[in-house]
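The structure follows.
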Amino acid sequence: MCFSQYTSDMKVHIATDHAGLEFKNTLKEHLLHQGHESVDHGAHEYNPDDDYPAFVIAAAEAVASDQRSGVEALGVVFGGSGNGEQIAANKVKGIRAALVWNAATAQLAREHNDANVISIGARQHSVEEALQLIDTFLHTPFSKEVRHSRRIAQIAQYEQ
């Protein structure tokens with residue numbers, strides 16, 4: 001696997017609800033040690049009644065805004081299963097969020113779909129597994145193959 005792109009100095013927008021709070025705090029430390037800037041969009045405290053959409057949408061909007069401005073940025077969002085978080089992130093124009101559950105899905109999300117946000121189920125993985133998925137995502141470049149670029153353009157056109 002090629003890790004030439006996004007190896008350091010990238011901005012990573014992160015968000016979760018109560019289910020991923022511990023993961024998010026560990027991830028912030030992990031990203032710092034790798035030389036990345038993390039931007040925390042919440043939740044900031046444990047509240048079992050909080051709602052993930054506001055946190056996730058804020059992170060996704062920040063990724064889209066940074067990318068439009070030419071800033072290297074990606075996003076990582078957590079929830080119990082990751083499903084709702086992926087759905088919420090994908091409502092933001094310019095976001096291609098993928099639910100990842102193993103290294104292959106994290107790698108393919110970047111290589112084939114140029115995903116700019118990943119969603120992970122905090123109740124589905126250990127912290128170590130989640131960090132491996134995130135590292136794979138952050139360090140895998142988009143392949144830029146014509147067929148993948150064409151498909152992404154079709155999605156973007158529909159989004160308009």
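When the accessible area of region 1-118 is computed with all protein chains present and a 1.4 Å probe, what percentage of it is carbon and sulfur? Don't skip to the end; give the middle numbers.
Working: 2680 of 5420 Å².
Within region 1-118, the accessible surface is 49 percent carbon and sulfur.
Apply the Kirkwood formula to region 24-96: the hydrodynamic radius equals the inverse of the mean of 1/r over all pairs of different alpha-carbon atoms; give it in Å with one decimal. Write out the running numbers ahead of the final one.
Working: mean 1/r = 0.0772 Å⁻¹.
After inverting the pairwise mean of 1/r, the radius is 12.9 Å.
So, one more: So what are the radius of gyration and Dmax for the Cα set of region 9-150, in Å?
In order Rg, Dmax, the Cα atoms of region 9-150 give 13.6, 45 Å.
Next up: Using Cα pairs closer than 8 Å and at least 6 residues apart in sequence, work out the relative contact order for the chain, in percent. Walk me through the numbers on the way to the answer.
Working: 306 pairs, mean separation 40.9, N = 160.
Result for the chain is 26 percent.
Under a 1.4 angstrom probe, counting protein chains only, how are Ser69, Ser81 ranked by accessible area, largest first? Don't skip to the end; give the middle numbers.
Values: Ser69 90, Ser81 50 Å².
The ranking, largest first, comes out as Ser69, Ser81.
Given +1 on the Cβ of Lys and Arg, -1 on the Cβ of Asp and Glu, and no further charges, what dipole in debye does region 16-160 carry about its Cα centre, rounded to the nearest 20? Numbers along the way, then the final one.
Working: 12 positive and 20 negative charges, 165 e Å.
Dipole about the Cα centre, nearest 20: 800 debye.
So which aspartates and glutamates pass the test for Lys24, namely a Cα distance under 15 Å, with those fewer than 8 places away in the same chain ruled out?
In chain and number order, the partners are Glu37, Asp40, Glu45, Glu85, Glu128, Glu129, Asp135.
Give the Rg/Rh ratio for region 91-160, taking Rg as the radius of gyration of the Cα atoms and Rh as the Kirkwood radius, to two decimals.
Working: Rg = 12.8 Å, Rh = 12.6 Å.
That ratio is 1.01, to two decimals.
While we're here: Mind checking which of Ala15, Val127, Ala88 is farthest towards the positive end of the chain's charge dipole, using Cβ charges of +1 (Lys, Arg) and -1 (Asp, Glu) about the Cα centre?
Final value for the positive-end residue is Ala88.
The values are calculated or read from the model by the stated rules, or taken from the named source; none is laboratory data. Just so you know, these numbers come straight off a predicted model, no measurement behind them. Don't worry about glycine lacking a Cβ; one is built from the backbone with ideal geometry, like all the others, and counts go over all protein chains shown. Surface areas here come from the heavy atoms of the whole protein model, side chains and all, with no ligands, DNA or RNA. Shrake-Rupley method; radii C 1.70, N 1.55, O 1.52, S 1.80 Å.
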